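The values are calculated or read from the model by the stated rules, or taken from the named source; none is laboratory data. The structure displayed is predicted, hence computed values, not measured ones. Please note: Cβ atoms are built from the backbone with ideal geometry, for glycine as well, and neighbour counts cover all protein chains shown. With ligands, DNA and RNA removed, areas are computed over all heavy atoms of the protein, side chains included. Shrake-Rupley method; radii C 1.70, N 1.55, O 1.52, S 1.80 Å.
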Amino acid sequence: TNSVSGELLIGASTIPGAYILPGFAASFKNRYPDISFQIHISDSATIIKRVVNNELYLGVVGAKISNGKVVFTPFGKDKLVLAASPEYAIDDEISADDLYELEFLLREQGSGTRKSIEDILTKLDVNSNRLKIRATLGSSTAIKEAIKSSLGVSIVSRVAIQDELEFGLLKEIKIKGMEM
């Protein structure tokens, strides 16, 4: 067997970096024990920029933020869901217009999740400028913790909150007529 050695520089946005790549990294390390790697985690826009600038060999992001210089290859699916604390006063299913009454928590500009949320709201004919934005937070973990504390609601990756949903720490709210 030929031994391959070196170091791979990989970038990932927060959801893939925290919830998807660790499993792949373990499998890769078992198959190629002599290759080390670094995973740089940042928002999708930054990861894409670093791939374009040849600072990273590969970027794994949650949203296409196209600039014409990057090829995107889908390899997995996630679902976005509206999440709330079980204590937050909200029905289990709401209409798109009901979103205007909620206190929202958003990710920062450049986040793939935020871009996906903006795209979804546009499809729902929801004007994101009319939402009540309670806070803008810089990580999925911060969003999860703020939701659990009943600070507000957010549209988040289902992969990122699957444990919290399973243990009843968060609840998923359906939006009538919308699959995200």
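Could you tell me what percent of the accessible area of the stretch 67-143 is made up of carbon and sulfur, with a 1.4 Å probe and every protein chain present? Don't jump to the answer; show the numbers that get you there.
Details: 2060 of 4490 Å².
Answer for the stretch 67-143 is 46 percent, counting heavy atoms of protein chains only.
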The lysines whose Cα lies under 30 Å from the Cα of K176, excluding any fewer than 8 residues away in the same chain, are K64, K77, K79, K115, K123, K132, K144, K148
Antiparallel bridge percentage (DSSP; both residues within the chain; nearest 5):
30 percent
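How many Å² of accessible area per residue for the chain, probe 1.4 Å? Could the numbers behind the result be given before it?
Working: 10350 Å² over 180 residues.
Per-residue value: 57 Å².
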Taking the 0 to 90 degree range and rounding to the nearest ten, how far is the long axis of helix 112-123 tilted relative to the main principal axis of the chain, both from C-alpha atoms?
40 degrees
For a protection proxy built on the mean count of beta-carbon atoms within 10 angstrom, sort 114-127, 24-37 highest first, please.
114-127, 24-37
